[in-house]
1. Just to check, using Stokes-Einstein with a Kirkwood Rh over alpha carbon pairs, what's the diffusion coefficient of the range 1-64 at 37 °C and 0.692 mPa s in µm²/s?
2. If the cut-off is a Cα-Cα distance under 17 Å, which lysines reach Lys168, setting aside same-chain residues fewer than 8 apart in sequence?
3. When Lys and Arg each count +1 and Asp and Glu each count -1, what net charge do the other residues less than 12 Å away from Ala169, Cβ to Cβ, add up to?
4. Skipping prolines and chain starts, which residues have an amide H placed within reach, meaning under 5 Å, of the one on Asp22, given they are 5 or more residues away or on another chain?
5. May I ask you to evaluate 6.51 cos²θ - 1.76 cosθ + 1.60, the Karplus curve with θ = phi - 60°, for each residue of the range 76-84 and list the ³J(HN,Hα) values in order in whole Hz, giving x for glycine and proline?
6. Could you line up Tyr95, Tyr129 from fewest to most neighbouring Cβ atoms inside 10 Å?
7. Of the listed peptides 137-145, 109-117, what is their order by residue-averaged count of other C-beta atoms within 10 Å, with the highest listed first?
8. Which number comes out as Rg/Rh for the range 66-150 once both Rg and the Kirkwood Rh are worked out on C-alpha atoms?
Amino acid sequence: MRTAEIHRKTRETDIELFLKLDGEGKVAVDTGIGFFDHMLTAFGVHGGFDLQVNCSGDLQVDGHHTVEDTGIVLGQAFAKALNGKDGIARYGSFYVPMDEALGFCALDISGRPFLAFDAVFAEEKIGEYDSCLTEEFFRAFAFNAGITLHIKALDGTNSHHVTEALFKAAAHALKAAVVRTGGGVLSTKGVLG
């Protein structure tokens, strides 16, 4: 069973996270940032991942540590749940339209972390969530999961719609990439990383 449980505590955040890759999209999230909870819920539901996240962070400062550290822990959980990269599709890509917004994600579970992020947010804040933290989340996730991650907002003027399209596109791309195909590592080198 491809699952992972991680507890990470620092002076800035205390995070407990459970992930099941082959889940049913059962999600329970509490980070203290409503819009971020909404994005993580969409991520779990659209990826078909069971996801539980409890985070206590220094929100009296701002949301940066909470969002970035959650990305770190979720990335670590993906790496642990995959337990190597044998027998998976490895690659995934997906477009998600959300009203006027269009989000795209392409990724490679390669062991070589990289983030190419291209999105403009018209509003600086979405509720209590700073729009700029979307890039921080995906960077932390990609580098801790060992994923080459390309995320692009192809259209959109509403920051809520743009952000949600990106989270959903990433979820669907990951869902495709972690599919079990059998066999060994999908690489001409025979190894990834």
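1. Details: Rh = 12.1 Å.
Using the Kirkwood radius from Cα pairs, D works out to 271 µm²/s.
2. Leaving aside lysines fewer than 8 places away in the same chain, those within reach of Lys168 are Lys26, Lys152.
3. Numbers: positive: Lys152, Lys168, Lys175; negative: Glu164.
Here the count lands on +2.
4. Under 5 Å from the amide H of Asp22: Arg2.
5. Ordered by residue, 3J(HN,Hα) equals 4, 5, 4, 4, 5, 5, 6, 6, x Hz.
6. Details: Tyr95 16, Tyr129 23.
So the ranking, lowest neighbour count to highest, is Tyr95, Tyr129.
7. Details: 137-145: 22.3, 109-117: 16.8.
Listed from highest to lowest mean packing, they are 137-145, 109-117.
8. On the way: Rg = 13.9 Å, Rh = 13.8 Å.
Checking Rg against Rh, the ratio lands at 1.00.
Here, each number is a calculation from the coordinates, and none is a lab measurement. Since the structure is predicted, the reported quantities are computational estimates derived from the model, not experimental observations. Glycine also receives a Cβ, built like all others from the backbone with ideal geometry; neighbour counts cover every protein chain displayed.
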